[in-house]
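One structure is given here, and the rest of the page talks about it.
The values are calculated or read from the model by the stated rules, or taken from the named source; none is laboratory data. Keep in mind the model is a prediction, meaning the values are calculated, not measured. When we count neighbours, we look across all protein chains shown, and the Cβ atoms used for this are built from the backbone with ideal geometry, even at glycine. Ligands, DNA and RNA are excluded from the accessible area calculation, which covers all protein heavy atoms including side chains. Shrake-Rupley method; radii C 1.70, N 1.55, O 1.52, S 1.80 Å.
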Amino acid sequence: MQLDKLLRQPNALPSAPKVVRKLIETFDQEDVDLLKAADLVEDDPVLTVKLLKMANSAFFGLHRAVTNARDAISVMGLIKVRALVIGAALGDGFHSVGGMNLNQFWRYSINTANLSRYIALPIKIDENTAFTAGLIHCIGELVMHAGMPEAMIDLDRSIPMLDLKRARAEKGMFGYSYAEVGAALAREWRFPKRMVDAIGHQIAPFDNDVYEPIAGVIHIASWRARAEELSLGSEGLINTYPDPIGLVLGIDPDTVIGEEIPALTRQDAVLEHA
């Protein structure tokens, strides 16, 4: 299926809820009013419940339970809370996607978000954009499964969704991958251009006219999160590390090649059935 036809499928691109549209607008604000942001979230009781369930899950390991959006922002920070609300809305939009292990998908996505922030901080790249872009970088997979389920189930049988060769397989079969599809959704939801570019160019971050270093951060983070799901050992990590991209960004390979790093967890996420 051609990309433009996929994007016209009825289930492919869900509409952004009002609270999400308002939260996306805050990405371009220098000083975000945290109380107003909390009020925005609590205007949508369903998303608030999903946020609290996610925040209080074992995945985040908070020292105390949070009971409302204001409390969640105080304990977790705006970056994580805003991204989780957006993720919960996306989870709602694709709650009926078949043929996928959604628990694994969201665990992988949140690990990628945590790793993106972990990688971005020491090299002075915007952790805010990195975390959110990391969380939704693979959302194109859900769009593709919703819009052309039979073709995707066939692909899943031969190249599992989190295989390191997945993007190449999608390009070979369809002429595009989850990256271009995810960028289309991010554009539709009016994410900042920087985030759209990061998602769209994550597969080959520096092989195009747009230089967006967060695309490189996502590339490294998603590689490491996939390696975790695939249980690659030390030798597998060393052999598959995307060294050219790490060199361009100035990343110390030792920070992401270790088998145990603080930004990774094996706990299941709960976004898809919160």
Per-residue ³J(HN,Hα) for region 141-146, Karplus 6.51 cos²θ - 1.76 cosθ + 1.60, θ = phi - 60°, Hz, x for Gly and Pro: 4, 5, 4, 5, 5, 6
Reachable lysines, given that their alpha-carbon falls under 28 Å from the alpha-carbon of residue 165 and they are not under 8 places away in the same chain: 5, 193
Qualifying GluC sites (Glu not before Pro) in region 196-274, DSSP loop, other Cβ atoms within 10 Å at most 16: 259, 260
Cross-link partners of residue 50 among lysines (Cα-Cα below 24 Å; sequence separation of 8 or more within a chain): 18, 22, 36, 80
Under Karplus coefficients 6.51, -1.76 and 1.60, residue-wise ³J(HN,Hα) of region 125-134 in Hz, glycine/proline x: 10, 3, 5, 4, 5, 4, 5, 5, 4, x
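Restricting to DSSP loop positions (anything but H, G, I, E, B) with no more than 15 other Cβ atoms inside 10 Å of their own Cβ, which trypsin sites (Lys or Arg not before Pro) remain in region 1-106?
For trypsin sites (Lys or Arg not before Pro) across region 1-106 that sit outside H, G, I, E and B with at most 15 neighbouring Cβ atoms in 10 Å, the list reads 8, 64.
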Under-5 Å amide H pairs with residue 259, H placed in peptide plane, nonlocal only: none
Within the accessible area of the chain (1.4 Å probe), percent carbon and sulfur: 49
Sequence-distant residues sharing a close amide H with residue 241 (under 5 Å, placed H): none
Under 13 Å, Cβ to Cβ, from residue 58 - net charge with Lys/Arg +1 and Asp/Glu -1: +2
Helix-only [θ]222 nm of the chain, DSSP H runs n ≥ 4, -39500 (n - 2.57) each, per residue, nearest 500: -18000 deg cm²/dmol
Accessible area (Å², per residue) of region 1-106, counting only protein heavy atoms and a probe of 1.4 Å: 51
Net charge of neighbours whose Cβ lies under 11 Å from the Cβ of residue 205, counting Lys and Arg as +1 and Asp and Glu as -1: -3
Summed side-chain charge close to residue 35 - residues other than residue 35 whose Cβ falls under 15 Å, Lys, Arg +1, Asp, Glu -1: -2
Cleavage-rule hits (chymotrypsin sites (Phe, Trp or Tyr not before Pro)) in region 167-274: DSSP loop, at most 15 neighbouring Cβ within 10 angstrom: 211
Mean-position separation - Cα centroids, region 1-32 and region 145-170, in angstrom: 23
Accessible solvent surface per residue of region 151-253, calculated while the other protein chains remain in place, 1.4 angstrom probe, Å²: 45
Check: region 113-232 dipole with +1 on Lys, Arg Cβ and -1 on Asp, Glu Cβ, in debye: 240
